[in-house]
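The values are calculated or read from the model by the stated rules, or taken from the named source; none is laboratory data. Here the structure is a predicted model, which means the values were calculated and not measured. Reconstructed Cβ throughout: ideal geometry from the backbone, glycine too, with neighbour counts over all protein chains shown.
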Amino acid sequence: MRRLIRPFTLLALLAPPGAFAGAQKYEPLSASVQAALSRSVSDQAPPKSSFRDSLDAVDWLVEMSRRLEKRIPDREGRLEFLRAVHYEATRAGLDPQLVLGLIQVESGFKKYAVSSAGARGYMQVMPFWGKLLGRGDDNLFHLRTNLRYGCTILRHYLDIEQGDLYRALGRYNGSLGKPEYPNLVRGAWHNHWNYTNSRIALR
């Protein structure tokens, strides 16, 4: 699928923030899936760091902070955001850099972004998810809540699509079968947020 990404690379760079934000579509879920997703989005503080060790944490946070500085100028806010992204992505079995690419395309890193369809926050989560999971009072503009929902939803779509990221991203954006959105996210991921820890690469 790499061959599909390159034509959209420039588009990803020039697109205004939130221009490609879509809307997850309501799909009936079985009671067991609803229960599992509801448990997964329970908003609790992380019990431990999601990094392998403190050196990995420093390496990743310094590098990602440098790349994100223009979009989130406040250093402490930027580091809090990055720690939360790393934790929630890792918790859901996702690459944190993929999640950063998705956020770039969905909201342009704007906490209070709202799409024309009503999707909210960094990861542009549709409000129906809270009601569907019996958590209608959840604040989708809250940093960790928004990331928890977004990462859980993307993981859910990946499971439905048996690991097919192209189709999972299409479901996430409500544009299943269309190439633009998956290519934009993958382009942002690989061109802006791709990262290999130098200490691991040298092993």
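Annotations for the structure displayed:
- Flag for ALA119 being under 15 Å from the mean Cα position of the chain (by Cα) and either of a type in the set (D, E, K, R) or buried (at least 22 other Cβ atoms within 10 Å of the Cβ) (or both): yes
- Summed over the stretch 93-111, residues that are on the phi < 0 side of the Ramachandran plot, touching a residue at least 60 places away in the same chain (Cβ under 8 Å) and in a loop (DSSP other than H, G, I, E, B) total 3.
- Extreme residue, modelled with the highest pLDDT, among residues of the stretch 112-131 that are outside any loop (DSSP other than H, G, I, E, B) and closer than 15 Å to ARG171 by Cβ: VAL125
- Yes/no for GLY136 being at pLDDT below 95 and part of a loop (DSSP other than H, G, I, E, B): yes
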